[in-house]
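As structure tokens, the structure follows; a few thoughts come after it.
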Protein chains: 2
Amino acid sequence: MKLASYKNGSRDGQLVVVNTNLTQCVAVDDIAATLQQALDNWAEISPKLESVYQQLNAGTAERAIPFDSSQCESPLPRAYQWADGSAYVNHVELVRKARGAEIPESFWTDPLMYQGGSDDFIGPTDNVALPSDKWGIDFEAEVAIITDDVPMGVLPENAGKHIKLLMLVNDVSLRGLIPGELAKGFGFFQSKPSSAFSPVAVTPDELQDKWMDNKVHLPLISHYNHSLFGRPQAGTDMTFDFAQLVAHAAKSRNLGAGTIIGSGTVSNKQGTEYGTSIAEGGVGYSCIAEVRMIETIRDGKPTTDFMQFGDHIKIEMLDEQGNNIFGSIDQNVVQAAKP
Amino acid sequence: MKLASYKNGSRDGQLVVVNTNLTQCVAVDDIAATLQQALDNWAEISPKLESVYQQLNAGTAERAIPFDSSQCESPLPRAYQWADGSAYVNHVELVRKARGAEIPESFWTDPLMYQGGSDDFIGPTDNVALPSDKWGIDFEAEVAIITDDVPMGVLPENAGKHIKLLMLVNDVSLRGLIPGELAKGFGFFQSKPSSAFSPVAVTPDELQDKWMDNKVHLPLISHYNHSLFGRPQAGTDMTFDFAQLVAHAAKSRNLGAGTIIGSGTVSNKQGTEYGTSIAEGGVGYSCIAEVRMIETIRDGKPTTDFMQFGDHIKIEMLDEQGNNIFGSIDQNVVQAAKP
């Protein structure tokens with residue numbers, strides 16, 4: 001099943017069911033007005049949505065209209081929780097290596113996770129509007145899951161069943177603000193502005209055997225300024241699977257329905273020390289920072305710039321037949337209007 | 001105006017208007033079903049709520065019932081954002097001093113703030129249920145504000161007008177988990193379980209001249225196991241006022257209506273180096289950690305224990321006539337059921 005939230009002038013959008021090919025959709029006000037409402041009562045509501053999905057795919061759904069991802073909010077335009085892991089430890093190792101530090105051994109057994117802002121996500125094809133492009137604007141291409149209610153202390157082996165939907169994320173990062181914030185010890189805040197999610201959220205069964213062991217086993221494709229920048233396998237080098245990330249988040253608290261948990265920047269080692277770029281024949285990267293770190297390790301300093309106003313980023317995932325699964329995150333970076 | 005969310009079996013509770021003495025309340029389904037709904041349309045809805053409040057205080061409101069704070073959820077039982085500052089730099093200085101470190105000079109000009117979990121707050125008189133009391137359970141008594149929509153980049157001088165409601169907070173902290181998490185560099189996550197807020201949220205005008213310069217100028221009173229533990233002045237030694245904290249949070253993103261921002265643990269220096277306890281004739285503290293730090297500085301090691309299962313905490317604020325303004329956060333710490 002595929003779900004999206006159409007823009008309708010409200011804060012939470014209008015829940016629509018989207019067909020498997022992303023060509024048609026249908027509003028389902030009579031079942032649930034918003035995706036959060038559906039998640040609040042998932043056991044009762046999801047079978048009804050599934051039924052509409054079957055009709056839509058069979059071409060028998062009433063009131064179906066052409067699907068247009070530019071009309072989409074992020075599937076949850078605002079959420080009660082956005083917690084982002086950093087499950088590809090290769091990414092973390094690179095960051096540290098570039099400043100001459102080793103990662104602690106515990107990073108291979110204890111997931112990194114930060115609490116993100118979830119009150120104002122950006123639509124998947126809306127501009128990333130920021131006051132300055134001197135702050136080191138970067139994209140981070142990731143996979144994310146949405147849970148139902150998760151009890152505190154859930155074990156990893158029981159956490160997987162709480163994963164109800166999958167999405168892609170552009171976890172926009174302000175690299176220039178990160179060192180100062182991390183030095184203060186309280187984690188990210190200003191350095192993690194609003195994130196954007198793929199137009200469509202899908203149930204794990206949509207991925208068939210590409211959803212396995214609580215990981216997505218397909219390449220995550222990023223185009224930066226219309227050139228292929230990365231296509232790493234999301235199922236490879238993911239040190240912590242999504243069930244482990246859910247259990248980590250729930251160690252000392254319940255997670256409310258509609259909790260979003262991210263994978264962290266998808267990053268593959270590719271049998272090399274830190275992976276290789278598309279130009280070098282590798283699978284490339286899912287953020288600019290990794291390229292800059294490799295340049296720093298290799299050349300002593302980075303040469304690739306961070307994003308400037310006017311830059312473009314597209315993030316998507318195709319199935320083995322080349323079909324777009326989630327729709328594309330497709331955004332320009334622009335200067336925000338002054339308040 | 002005073003507002004609360006009554007338990008009604010839903011996730012967001014039932015918005016009620018409470019009279020100034022906290023003796024009567026009235027459900028306002030016809031105006032807004034939930035506090036979040038009211039905040040989403042504050043300019044339109046707040047005058048209608050205010051009108052009910054006037055009737056309630058005049059004794060002319062229809063359907064008024066006795067107010068019972070044990071029926072309350074936190075005013076926002078779940079929220080889209082909970083960002084907690086650490087505006088009483090004395091508290092931060094103590095934490096560092098206890099481990100022999102000085103605070104950076106920038107801490108006096110650049111606020112500390114962390115992103116908290118907001119998907120599952122605890123009711124003000126509900127138990128604080130946690131899996132273990134070996135994690136260093138502590139309370140933190142704080143003041144918090146709720147905003148309407150705040151534009152990215154708002155200046156401190158324009159941020160104050162976005163403060164719509166005030167509350168108290170028990171920002172439950174797991175001190176034993178903090179050092180490990182902060183060492184990882186991503187800030188708090190497991191070490192900050194669900195917070196609880198006062199039964200009632202009030203508009204700033206309720207505090208009359210005790211709301212001044214975007215600070216609350218009244219003592220915040222904590223009783224730990226039924227003994228007075230602290231009554232520091234919330235308006236004293238608050239290095240950053242709430243308008244500055246809002247502006248800090250909004251530097252690189254909009255803040256959605258219903259954003260909660262906390263002051264951090266209220267802490268007074270009292271003309272001494274680090275403040276003094278109630279037993280020593282001082283105003284005491286708003287968390288156990290501060291006492292332990294003073295013991296560490298003075299005696300080389302802490303002697304006061306953190307909270308154990310069965311312990312009790314009450315947090316409240318009285319006006320100059322001794323009236324309870326927000327109702328009391330009144331909680332027992334208990335062992336959580338296994339998932």
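The values are calculated or read from the model by the stated rules, or taken from the named source; none is laboratory data. The shown structure was predicted, so the numbers you read here are calculated from the model rather than taken from an experiment. Glycine gets a Cβ as well: all are built from the backbone with ideal geometry, and neighbour counts include every protein chain shown. Protein only, heavy atoms only, side chains kept; ligands, DNA and RNA dropped before computing areas. Shrake-Rupley method; radii C 1.70, N 1.55, O 1.52, S 1.80 Å.
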Which of B:GLU206, B:GLU316, B:GLU62 moves the most in a Gaussian network model of chain B with Cα springs under 10 Å? B:GLU62
For the residue pair A:THR272 and B:SER132, what label-to-label distance in nm results when each label sits 7 Å from Cα along the Cα-to-beta-carbon direction? 4.2
Any aspartates and glutamates with Cα under 15 Å of the A:LYS134 Cα? List them, leaving off those in the same chain fewer than 8 positions away. A:ASP305, A:ASP311
For each pair in B:LYS97/B:LYS215; A:LYS251/B:LYS210; B:LYS210/B:LYS314, compute the distance between the two Cα atoms and list the pairs where it is over 32 Å. A:LYS251/B:LYS210
Only counting protein heavy atoms at a 1.4 Å probe, give the residues of region A:163-191, ordered by number, whose accessible area falls by 50 Å² or more when the other protein chains are present relative to the chain alone. A:LYS184, A:PHE186, A:PHE189, A:GLN190
Using the heavy atoms of the protein chains alone and a 1.4 angstrom probe, what is the accessible area of the protein assembly as shown per residue in square angstrom? 36
Place a +1 charge on the Cβ of each Lys and Arg in region A:2-67 and a -1 charge on the Cβ of each Asp and Glu, then give the dipole magnitude about the Cα centre in debye, rounded to the nearest 20. 240
Quick one: helix B:288-299 against the long Cα principal axis of chain B, what's the angle to the nearest 10°, folded into 0 to 90? 20
Taking the protein assembly as shown on its own, what percent of its Cα-Cα pair distances exceed 42 Å? 24
Would you kindly work out, in nm and rounded to one decimal, the distances from the label point of B:SER227 to those of the same position in each other copy, ordered shortest first, with label points 7 Å along Cα-to-Cβ? 6.9
Treating only Lys and Arg (+1) and Asp and Glu (-1) as charged, each at its beta carbon, one finds that region B:82-335 has a dipole about its Cα centre, in Debye to the nearest 20, of 560
Modelled FRET efficiency - R0 51 Å, B:GLN308 with A:ASP205, Cβ distances, 0.05 increments: 0.65
If the cut-off is a Cα-Cα distance under 19 Å, which aspartates and glutamates reach A:LYS301, setting aside same-chain residues fewer than 8 apart in sequence? A:GLU93, A:GLU102, A:ASP138, A:GLU273, A:GLU280, A:GLU290
Unit Cα scatterers, Debye sum, region B:2-67: log10 I(q)/I(0) for q = 0.13, 0.15, 0.20 Å⁻¹: -0.30, -0.40, -0.71
Residues meeting the amide H criterion for A:THR259 (H placed from the backbone, H to H distance under 5 Å, 5 or more places apart or on another chain) are A:THR147
Once both label points are put 7 Å beyond Cα along the C-beta direction, the A:MET212-B:ALA279 separation in nm becomes 6.3
One-quarter of the Cα convex hull surface for region A:287-339, in nm²? 6.1
With the Cα gyration tensor of region B:82-335 giving a ≥ b ≥ c as the square roots of its eigenvalues, does the rule (a/c under 1.5 for rounded; else a/b larger than b/c for prolate; else oblate) give rounded, prolate or oblate? rounded
Using the Cα atoms of region A:227-299 to build a convex hull, what is its mean projected area in square nanometres? 6.6
About its Cα centre, what dipole magnitude does the protein assembly as shown give when the only charges are +1 on Lys and Arg Cβ and -1 on Asp and Glu Cβ, stated in debye to the nearest 20? 760
Quote the accessible area belonging to B:HIS223 in square angstrom, nearest 10, computed with a 1.4 Å probe and with ligands, DNA and RNA left uncounted. 50
For region B:29-147, what percent of Cα pairs sit more than 25 Å apart? 47
Per-q log10 I(q)/I(0), region A:204-339, q = 0.16 Å⁻¹ (Debye; single scatterer per alpha-carbon; no solvent): -0.99
Between the alpha-carbon centers of region B:181-239 and region A:213-275, tell me the distance in whole angstrom. 37
Packing rank of A:115-123, A:15-23, where each peptide gets the mean count of other beta carbons within 10 Å, highest leading: A:115-123, A:15-23
Kindly compute the accessible surface that chains A and B hide from a 1.4 Å probe when together, both sides summed, and give it to the nearest 100 Å². 5000
Cut-off 15 Å between beta-carbons: net charge of the residues surrounding A:LEU15, Lys and Arg +1, Asp and Glu -1: 0
How long is the gain from A:ARG96 to A:GLN321 if the chain were fully straight, where each residue apart is worth 0.36 nm and the alpha carbon distance is subtracted? 77.3 nm
